[in-house]
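Okay, so here's the structure we're looking at.
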Amino acid sequence: MNDPVYLVLGAGPGLGLATARRFADTGHTVVLVGQTDEQMEPLAAGLREQGATAEGLGADLTDPAAVATLVAGVVERHGRIDVLHFNPSAWREADVLHLTPDQLFEDLALGVAPLLPAVQAAVEAMPAGSRVLVTGSMAADKPSPAAPSLGIQKAAVRNLVTSLDATLSGRGIRAVAVQINGSLAKEGPFAPPAVSAALHAATIRSDDEWTAHVGYDG
């Protein structure tokens, strides 16, 4: 049987990499997806140097066909997806008097919409016990007046997780949004290692104790 697979969309050198390392430590094959192969492959190489099985891939997450093709490729190579982690978001400093509808839809196309084609392409390869994990943010409840788009993204994707969990639970697959109620930092309880531990802990809960939303307060 193939090793369990952790796939993160919107990976980077901070939280995405730290969470990938956490899952690699529990025996998962890791697939890191960011903007380009050139950005992701060094991160994957670092994990391989630490003994993990890892690959780094680039994709335009705002292109539904590209997302579906990427996920299908992961399934073809590895046979399964056990944790699908949705981590991207768009930061735009434009208050509500200056944010345009086109800009808002552009941000939603990165911070929310790609979760749909990703799950749709992965679901048949996700065995019972698999998880959809979404990185949430306090911006969903306390948006920055200077950058309201992020709050809209995080509120929308949190809502989407509720629907995903209800829809997928009959397959034995659960979805969770972990809301990080603090600003990411280099050290302390909101540093990537600590937050990644909370993300990991949220995914390994049993169905009996499952909730679709978990808050992390540090």
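The values are calculated or read from the model by the stated rules, or taken from the named source; none is laboratory data. In this text, all values refer to a predicted model and were calculated from it rather than measured experimentally. Ligands, DNA and RNA are excluded from the accessible area calculation, which covers all protein heavy atoms including side chains. Shrake-Rupley method; radii C 1.70, N 1.55, O 1.52, S 1.80 Å.
Pick from GLY16, GLY188, GLY136 the residue whose mean-square fluctuation is largest in a GNM of the chain, springs joining Cα atoms under 10 Å.
In the Gaussian network model the winner is GLY188.
With viscosity set to 0.890 mPa s and temperature to 25 °C, compute the Stokes-Einstein D of the range 1-44, Rh being the Kirkwood radius across alpha carbon pairs; µm²/s, no decimals.
235 µm²/s
Explain nothing, just compute: Karplus ³J(HN,Hα) = 6.51 cos²θ - 1.76 cosθ + 1.60, θ = phi - 60°, for every residue of the range 189-195 in order, whole Hz, x for Gly and Pro.
Working through the residues one at a time gives x, 10, 6, x, x, 6, 5 Hz.
Taking H as built 1.01 Å from N, whose amide H comes closer than 5 Å to the amide H of ALA54, not counting residues under 5 places away?
Residues meeting the criterion, in which the H sits 1.01 Å from N, are VAL30.
Just the Cα atoms of the range 111-191, one point each, no solvent: what log10 I(q)/I(0) does Debye give at q = 0.23 Å⁻¹?
Rounded to two decimals, the profile gives -1.04.
If amide H atoms are built 1.01 Å from N in the plane of the peptide, which residues on other chains or at least 5 residues away come under 5 Å of the amide H of HIS213?
Here the answer is ALA177, since their amide H atoms fall under 5 Å of that of HIS213.
Expressed as an acute angle from 0 to 90° and rounded to the nearest 10, what is the orientation of the C-alpha long axis of helix 64-78 relative to the principal long axis of the chain?
20 degrees
Provide, for q = 0.13, 0.18 Å⁻¹, the log10 of I(q)/I(0) from a solvent-free Debye sum over equal Cα point scatterers in the chain.
Ignoring solvent entirely, the Cα scatterers give -0.69, -1.39.
Can you list the HN-Hα couplings for the range 163-175, worked out from phi with the Karplus curve (6.51, -1.76, 1.60; θ = phi - 60°), rounded to whole Hz and with x for Gly and Pro?
Taking θ as phi minus 60°, the curve returns 5, 4, 4, 5, 6, 8, 4, x, 8, x, 10, 10, 10 Hz for the range 163-175.
For SER137, which sequence-distant residues (separation of 5 or more, or a different chain) have an amide H within less than 5 Å of its own amide H, given hydrogens modelled in the peptide plane?
ILE180
Read phi for every residue in the range 123-139 and hand back ³J(HN,Hα) as whole Hz from Karplus 6.51 cos²θ - 1.76 cosθ + 1.60, θ = phi - 60°, with x for Gly and Pro.
Rounded to whole hertz, the list is 4, 6, 9, 9, x, 4, x, 6, 9, 9, 10, 10, 7, x, 8, 4, 4.
Solvent-accessible area per residue for the chain at a 1.4 Å probe radius, Å²? Intermediate values should be presented prior to the final figure.
Working: 9970 Å² over 218 residues.
Ligands and nucleic acids excluded, the figure is 46 Å² per residue.
Share of the chain's accessible area from carbon and sulfur, percent, 1.4 Å?
55 percent
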